[in-house]
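Okay, structure first, notes after.
Each reported figure results from applying straightforward, stated rules to the coordinates on display, with no laboratory input. Computed from a predicted structure; not experimentally measured. For neighbour counting, all protein chains shown are included, and Cβ atoms are generated from backbone atoms with ideal geometry for every residue, glycine included.
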């Protein structure tokens, strides 16, 4: 996995190559949506276990996408910050129809 990207702008096109399959992107989208819902529940209830639920659903969806569909290693293992940023840019692009899912 390349880790020599000097900026997020250089990283993101490579990141998209690691999410080429639609089922992988769908798993990411579902996991990220579930994580957002869990965070809303946390704000509403202030029960800390919702934060754990957000982490499990967010990373769980991503890892299912990579290990079962894409058959590659999640970028978060090598570039956690850029990967996190990439997840949300990809999520927004799927939500707005710029990227298919």
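Points to keep in mind about this one:
- For the chain, the longest principal axis of the alpha carbon atoms and the long axis of helix 8-17 meet at an angle near 90°.
- Distance (nanometres) between label positions extended 7 Å along Cα→Cβ at residue 5 and residue 21: 2.1 nm
- Packing-based ranking of 78-84, 25-31 yields 25-31, 78-84, ordered from highest to lowest mean Cβ neighbour count within 10 Å.
- Taking every C-alpha pair closer than 8 Å and separated by at least 6 residues, the mean separation divided by the residue count of the stretch 32-85 gives a relative contact order of 27 percent.
- Cα-based values for the chain, radius of gyration first and Dmax second, are 13.7, 42 Å.
- Net length gained if the chain between residue 36 and residue 71 were fully extended (0.36 nm per residue, minus Cα distance): 10.0 nm
- Using the Cβ-Cβ distance between residue 44 and residue 85 with R0 set to 25 Å, the FRET efficiency works out to roughly 0.40.
- Rel. contact order, % - alpha carbon contacts under 8 angstrom, at least six apart, the chain: 35 percent
- Spacing of the two label points (7 Å from each Cα toward its C-beta) at residue 12 and residue 98, in nm: 0.6 nm
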